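Student: Below you'll find the structure I mean.
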Amino acid sequence: MVYSLAPINTKDYDGTMVVLYGNEVSDRNLPLAKRELEYLKQRREEDSKSIVRFDRLPNHLFVVNFDSEKQAAQCQEQLRRSAAKLVAILDTLKVDTIAVTAEGTLPEEMVAFLEGLTLADYRFDRYKSQAAHHIAKVTIDQAFLKQEELDANLRLWNRIHWCREWVNTPVADLNAAEFAEQLETIARDMDHVECTVFDKKKIESLRMGGLLAVNRGSVDEPRFVVLEYKPAVAVNAKPVALVGKGIMYDTGGLNIKPDDYMQEMKSDMAGAATMASVLFAAADNQLPVHIVALLPMTDNRPGFNAYAADDILTMYDGTTVEVINTDAEGRLILADAIAFAVDKYNPELLIDAATLTGAAVRTISTFGIAAMQQNAANPLSLLKVVGEQVYERLVEFPFWEEYDELIKSDMADVKNCGTAQAGTITAGKFLARFAKQTPYIHLDIAGVAYFTKPQHYYAVGASGYSIRLLYAFLQTYDLLNKSR
Ligand code: BES
Ligand code: ZN
Ligand code: ZN
């Protein structure tokens, strides 16, 4: 999709035009006859979110109604969803060029609409003989947006696009080595970004017992990728560490996933893809925050020498772990990455994103993120507020000490899963012990990383959900220092 800013004269624009239409607007600028205006008013009264179409063949005029008196976040989300509806209509009409202007609309509402348009236009159609219909060209009324603001948003949306491509790509075409190589190639061309890739030998020398154990059943080597974005001027003295689960495919290992539980498990590296994308977006737009991303990668398979239940592993920090179930593999590779982050970077805040538990999906469905924190109440409060604003929401689960009992092991320091109860929390608790005193936020994104049904502006497949959240969080990160 190509976006450009230009003046748009509503009265004599020759092409398909979209007008966002908030409250308190004068009708003066709409190219509508009196009867049409009455019709529009009536449709708006019936449904304040309606999209009203006037045919000016071969062109069309769309009026996208929205209630601008609602709370800002609600209003913006409404516009993202309406944009998705419009994308579907343009699809059936085979229209690929539009101009967008507005009445009674704020710049951030315009941005939300464009965001919805961009996210909704995405399809994973690289493998289709016939590509899906896409919007080719969007001209935006320059009265609403500055070029820099548009460009910054486009760079963020581009990173979301690439995250979705990675997550949607089957493991046969994207294993750990290939993913690491792509990240390295991208980082090479960026300012203030360094990428270091550890291969199996290096991972062995670092004694990352969790990552190595999970990798044992695979014919493909593991990778551990470290990305660092260090701007010339940063608001933080110590880095923010972003850890992402990079299970390229999760078969469950020897505790193999039954029947259709294995489906969609190509998305089990969404945490790593998300964190890489967030770091790249922050660097693209030169946010003044020093960030490191730590991305452990392997697939989880029941190959010949696969790790087994009852194995006792020694992790990077020396903690021993009794394996109860080889399908609780994400926490094993994350534990090494978290311990490594704490040891080598002494971060002021550590956040992980992981498609960690089916229990998270069962608890809150696909409507948000299950979040937990240890020594990070303030950062999580800010993250929560930001989440409401960008509509990538999270809910905090408790981290009471009683949950630690559920993962005590008879044979080792800790076991990799508890009983059927509170599976999302015990998974988080397992990870939290590797963060030690470092302020730590755990984001279980199992419900939102990959949709099996279309959801508003997300088609079936990877969503990139959490990138906008974490990017907006880093954008406002300075607020945390001020509140200290
Ligand atoms: N990758 C899965 C979690 C998952 C499930 C993500 C469904 C997205 C959708 C994870 O590795 C896993 O298998 N977790 C187990 C843990 C259990 C063995 C303690 C689970 O949730 O069943
Ligand atoms: Zn698993
Ligand atoms: Zn997994």
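Student: Can you bin the chain into rounded, prolate or oblate? Criterion: square roots of the alpha carbon gyration tensor eigenvalues sorted a ≥ b ≥ c, rounded for a/c under 1.5, prolate for a/b above b/c, oblate for the rest.
Tutor: Prolate, because a/c is 1.5 or more and a/b exceeds b/c.
Student: Here's a follow-up. Note the angle between two axes, namely the Cα long axis of helix 176-188 and the longest principal axis of the Cα atoms of the chain, as a number of degrees from 0 to 90, rounded to the nearest 10.
Tutor: Once rounded, one gets 60 degrees.
Student: Considering only DSSP beta bridges where both residues belong to the chain, give the percentage that are antiparallel (nearest 5).
Tutor: Within the chain, antiparallel bridges account for around 40 percent of the total.
Student: Can you give me the relative contact order of segment 135-283 as a percent, contacts being Cα pairs under 8 Å and 6 or more apart?
Tutor: Reported as a whole number, the value is 30 percent.
Student: Are there GluC sites (Glu not before Pro) in segment 321-408 that DSSP marks as loop and that have at most 10 other Cβ atoms within 10 Å, and which are they?
Tutor: The qualifying sites are 401.
Student: May I ask you to compute the full-extension gain from residue 325 to residue 476, defined as 0.36 nm times their residue separation minus their alpha-carbon distance, rounded to one decimal in nm?
Tutor: 50.4 nm is the gain from fully extending residue 325 to residue 476.
Student: Take every DSSP beta bridge whose two residues both sit in segment 1-158, then give the antiparallel share in percent to the nearest 5.
Tutor: 25
Student: Let me ask you something else. Show me the ranking of peptides 450-457, 139-146, 264-271 by mean Cβ neighbours inside 10 Å, starting with the highest.
Tutor: The peptides rank, most packed first, as 264-271, 139-146, 450-457.
Student: For a protection proxy built on the mean count of beta-carbon atoms within 10 angstrom, sort 28-41, 374-387 highest first, please.
Tutor: Final packing ranking: 374-387, 28-41.
Student: As I understand it, the value is the acute angle between the Cα axis of helix 107-121 and the longest principal axis of the Cα atoms of the chain; what does it come to in degrees, rounded to 10?
Tutor: Approximately 70 degrees, to the nearest ten.
Student: Please tell me the relative contact order of the chain in percent, rounded to the nearest whole number, where contacts are Cα pairs under 8 Å and at least six residues apart.
Tutor: RCO, the chain: 15 percent.
Student: Under 18 Å from a point 7 Å along the Cα-to-Cβ line of residue 148: which residues of segment 460-484 have their amide N that close?
Tutor: 475-476
Student: Which aspartates and glutamates does residue 384 reach when only Cα atoms under 20 Å apart count, and residues fewer than 8 places away in its own chain are ignored?
Tutor: Once the sequence-local aspartates and glutamates are set aside, what remains near residue 384 is 77, 108, 348, 352, 392, 396, 444, 478.
Student: Related question: In nanometres, what is the gap between the two model label sites at residue 196 and residue 233, each 7 Å from Cα along Cα-to-Cβ?
Tutor: If labels sit at residue 196 and residue 233, their model points lie 2.8 nm apart.
Student: What value, in deg cm²/dmol to 500, does the helix sum -39500 (n - 2.57) over DSSP H runs of n ≥ 4 give at 222 nm once divided by the residues of the chain?
Tutor: -11500 deg cm²/dmol
Student: Just need the relative contact order of segment 1-101 here, percent rounded to a whole number, with Cα pairs under 8 Å and 6+ apart.
Tutor: Once divided by the residue count of segment 1-101, the mean separation gives 37 percent.
Student: Spin-label point model (7 Å from Cα, Cβ direction): what's the residue 38 to residue 25 distance in nm?
Tutor: So the label points at residue 38 and residue 25 sit 2.1 nm apart.
Student: While we're looking at this one, here's another question. Straight distance only, please: which aspartates and glutamates reach the Cα of residue 453 with their own Cα at less than 15 Å, same-chain residues fewer than 8 apart left out?
Tutor: Of all the aspartates and glutamates, those that pass the test against residue 453 - Cα under 15 Å, at least 8 places apart if same chain - are 264.
Student: With a Förster radius of 35 Å, plug the Cβ-Cβ distance of residue 9 and residue 49 into 1/(1 + (r/R0)^6) and report the FRET value to the nearest 0.05.
Tutor: The value I calculate is 0.85.
Student: Give the percent of DSSP beta bridges with both residues in segment 348-447 that are antiparallel, rounded to the nearest 5.
Tutor: So the antiparallel bridges in segment 348-447 amount to around 40 percent.
Student: Relative to the longest principal Cα axis of the chain, at what angle does helix 270-284 sit, 0 to 90 degrees, rounded to 10?
Tutor: Around 60 degrees separate the two axes.
Student: Please report the spacing between the Cα centers of segment 362-405 and segment 45-114 in Å, no decimals.
Tutor: Using only Cα atoms, the two centres lie 32 Å from each other.
Student: Another question, then. Expected output is a single nm value to one decimal: the length gained when fully extending between residue 396 and residue 261, i.e. 0.36 nm times separation in residues minus the C-alpha distance. What is it?
Tutor: Here the answer is 46.0 nm.
Student: Check cross-link reach from residue 49 to the lysines: straight Cα distance under 20 Å, and skip same-chain residues fewer than eight apart.
Tutor: 41, 70, 85
Student: Another question, then. If you look for lysine pairs in segment 129-249 that are eight or more places apart or on different chains, how many of them have Cα atoms under 22 Å apart?
Tutor: 5
Student: OK, next. Distance in nm between label sites at residue 2 and residue 362, each 7 Å beyond Cα in the beta-carbon direction?
Tutor: 5.1
Student: Related question: Work out the FRET efficiency for residue 94 and residue 405 from their Cβ-Cβ distance, taking R0 = 60 Å, and round it to the nearest 0.05.
Tutor: Step by step, r from the Cβ atoms, then E = 0.50.
Student: Taking the mean number of other Cβ atoms within 10 Å as a proxy for protection, how do you rank 362-368, 442-448, 234-240, 257-263 from highest to lowest?
Tutor: 442-448, 234-240, 362-368, 257-263
Rule-based calculations on the coordinates, nothing more; no lab input. Here the structure is a predicted model, which means the values were calculated and not measured. Virtual Cβ from ideal backbone geometry, glycine too; neighbours counted across all protein chains shown.
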